[in-house]
1. Once fully extended, how much extra length lies between residue 101 and residue 302, figured as 0.36 nm per residue of separation less the alpha-carbon to alpha-carbon distance?
2. Suppose the chain between residue 141 and residue 254 were pulled fully straight at 0.36 nm per residue; how much longer would it get relative to their current alpha carbon spacing?
């Protein structure tokens with residue numbers, strides 16, 4: 001059998017925990033699964049920050065601005081081409097299909113389905129159809145007199161989420177940010193434990209298995225006793241109380257400050273303004289906040305320059321008039337002058353800067 005990635009989203013929608021195979025109602029809310037549940041929550045926020053940084057205009061292919069950015073979030077890079085047989089433009093992941101040029105860039109590629117790895121008939125049919133399409137990669141703008149039919153029907157333009165490193169493929173943002181989200185998801189369980197320890201928990205030394213069972217019963221009733229204000233839990237047998245820690249328990253706010261610093265680090269990876277890795281507990285001057293925040297503009301500019309260069313190349317070939325700008329709430333400016341600090345799509349018409357009279361596909 002060939003290797004494949006399971007569709008975890010379908011399992012979650014069906015109410016099944018992929019790790020245990022049990023219904024989610026048996027695991028969600030369980031303290032043992034608190035970290036995983038918090039990480040799911042943080043993943044949603046991370047994806048929403050990623051897909052709403054930029055606003056695309058005049059997109060073809062029947063997709064929205066968020067959908068295009070979502071594809072970049074999970075795949076890292078896409079190719080854009082026109083399918084003559086289907087008479088439609090497409091954004092698709094791709095794979096090398098040929099040689100590379102002197103700069104190490106791909107000369108030709110073939111698209112692959114977004115759901116690559118599925119073994120159903122529809123997935124196999126899509127993969128087979130796309131594998132037969134060899135597309136020449138275009139890296140510069142085309143003059144009108146240079147255009148040929150091959151440029152229109154047998155070429156593509158590549159789009160990356162951020163500047164490539166040595167390799168011609170980049171790691172998708174979902175994988176890049178996963179370690180940060182993993183550490184952040186620890187902070188809330190740690191805070192919960194710190195609050196629980198602050199209620200006066202002590203370790204118990206037992207003499208035999210029967211006493212161990214008594215302690216386990218006490219463990220299960222301890223949290224309820226703490227929440228109801230009962231300081232003692234009855235335990236049968238001859239036992240001795242013993243502290244398991246040195247009595248120095250961090251305050252719950254320390255974990256939240258650590259989580260806030262990690263979140264600021266995550267936001268800086270998107271070029272979104274934040275409070276920096278270190279935020280003072282006391283009153284902080286605006287100049288101090290600006291210094292701690294650091295220069296995140298270049299990070300945002302990196303993704304914007306890539307997207308706008310992509311737009312220029314595409315427009316020189318197919319004349320679509322597509323364009324990309326940072327979201328208004330990211331820029332902190334009312335660019336369209338409508339008195340609102342967010343981008344809106346009212347009746348399908350762009351509220352932002354129009355390019356060739358097109359629509360905002362947000």
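1. Additional length available on full extension: 70.0 nm.
2. Stretched fully, the residue 141-residue 254 segment lengthens by 35.5 nm.
Coordinate-derived values only; no laboratory data. Keep in mind the model is a prediction, meaning the values are calculated, not measured.
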